[in-house]
Every structure is written in structure tokens, then in C-alpha cells.
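Let me begin by presenting the structure, written as C-alpha cells, before commenting on it.
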Amino acid sequence: MATQSPAVPLRVLGVDPGTLRTGWGVIERRGHTSTLCAAGVITAKGFSSLPERLRMIHAGLVEVIAQWQPQVLSLEKAFLAYNVQSALRLGEARGVALLAASQTGLRIAEYNPTEIKTAVASYGRADKVQIQKAVFTHLGLLYDQRTTILVASKDATDALAAALCHLNSSRFVEQIHAATAKDGRKTAQDSERMQLLRSAFQKRSLPRSVPTRSVSTRGGPTRGVPTILKVKG
């Protein structure tokens, strides 16, 4: 996964795909602060044909991307469902979202539902109301006229939850990279110190021969005989 310095703004588009209602939300992180840019729902209920609904969703997402210029698309991974027909329809909506992101050069991040719920609400089985409250808390939002669209639509808050999940995950990855880089610098400094010590030791002058001194044998001096020290055991 590509990482970005916390000092550089990171803008993420979260999408909650659906063939009738597709929620979306854009969040920007600057430093350690996440701010809501915009959120909404692309509604395709007026079209009875599935291809027409998918076309509307694609056009709507392309418009959102062009207006808000996110760097990353974050959404749920495909998963198995008891209703096969619903799973297929969800897969088609996901495909349209992935196509729109790929065409505009966005990086794509996918998370399973449990990862998103845990990252936002600290509970992998949180319901939609709990997710909505957690999203508002993370973004410092109040239930007022400015956020009416979010209050009315859990599709939008689910999309914002996907965006927040990526922001939290990318921050964790950045912290790991920062810690690894710090350890690497420390290791390099230790290696440099060891190299300096080794070099200094090798340059140190050593005696060319064993030092000698005279000892007497039968009262006469004998030169050049090494001194032998006896150690009592």
C-alpha cells in the first residue's frame, strides 16, 4: 500500500455501492485532523433498466471525482451473501465504482466490512446507527442543517466510514514506516561507530618483538633472553 506523509493533505473518496442508491463521501486529512469535504447519494431509482442505473452511478461518481479530486477510492471488498441475486447486483455496482476510479487514476483500497466497522466504531459487529454516530464523532459533526444529507442517508455515512477506515489504516502504516526508518538510522549510526572503532584499533601501533631484559646465570649477565614469569598455581 502506498503511503503519504502526514504533512501532505490526503483526500479519500469512500463509496457504499448499490444499484439503487450509491453513497459517497470525501474526507481530507491534514496532519492529524480529518475534515468532511462533501457527501451525498447517487440515486438511480427512476430507471427500470439495470444498464441505465449503472450508467447513472458511473456518471455520478466521475462527476464527484472531477469536482473533489481525491487521491484514493476506499470501499468494501466483495463478499458472499445469502441472497445470491443481491450479491451479484452489489458486485455490478462495485465494478462501476472501480471503473470510475481506474479511469481517473485513483489508487484503490478495499476493506472487508469487519475491518471498516472496527476502524470506525471499534466493534466489528456495529450496526448502521452505531456506524453513523461514530462517523459524526470522528469528523466532529453535529446534527444540524449542514449535515442533513448525512442524517437522512446511512448510505453516505457508510461511505464516509470506508474513507475513515483507509485514513486510519494509512496513518498506522505511516507510523510503522517512521518507526522502521528510525530504527534503520540508529542501526546505521551504530554500524558507523563500530567501523570507526575497528579502524582505530587496526591503526594502533603494536610492538614488533617481545620485550627482553638481562638476567644473570651463575653470576654472569646474559643479554637477549626473554623474561619468563612463573605463576604459582
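Tabulated data
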| quantity | calculated |
| --- | --- |
| Test: A126 is modelled with pLDDT of 90 or more, outside any helix (DSSP H, G or I) and touching a helix residue (DSSP H, G or I) at 6+ places or on another chain (Cβ under 9 Å) | yes |
| Residues of segment 36-61 satisfying the condition of being assigned to a helix (DSSP H, G or I) and surrounded by 15 or more Cβ atoms within 10 Å (Cβ to Cβ) | R53, L54, M56, I57, H58, G60, L61 |
| Residues satisfying the stated conditions in segment 94-129, i.e. over 19 Å from E63 (Cβ atoms) and β-branched (V, I, T) | T114, I116, T118, V120, V129 |
| Condition check for Q103: at positive phi and exposed (fewer than 15 other Cβ atoms within 10 Å of the Cβ) | no |
| Subset of segment 13-48 [within 13 Å of A93 (Cα to Cα), at pLDDT 95 or above and charged (D, E, K, R)] | D16 |
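Residue by residue, here is whether (1) closer than 14 Å to T157 by Cβ; (2) of a type outside the set (A, V, I, L, M); (3) out of contact with any Pro (no Cβ under 7 Å at 6 or more places or on another chain); (4) outside any strand (DSSP E or B) holds:
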residue	(1), (2), (3), (4)
E63	no, yes, yes, yes
A66	no, no, yes, yes
Q85	no, yes, yes, yes
R89	no, yes, yes, yes
A100	no, no, yes, yes
I108	no, no, yes, no
I116	yes, no, yes, yes
V120	yes, no, yes, yes
V135	yes, no, yes, yes
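The values are calculated or read from the model by the stated rules, or taken from the named source; none is laboratory data. Quantities reported herein were computed from a predicted structural model and do not represent experimental measurements. Quick reminder, even Gly has a Cβ in these numbers, built from the backbone with ideal geometry, and neighbours come from all protein chains shown.
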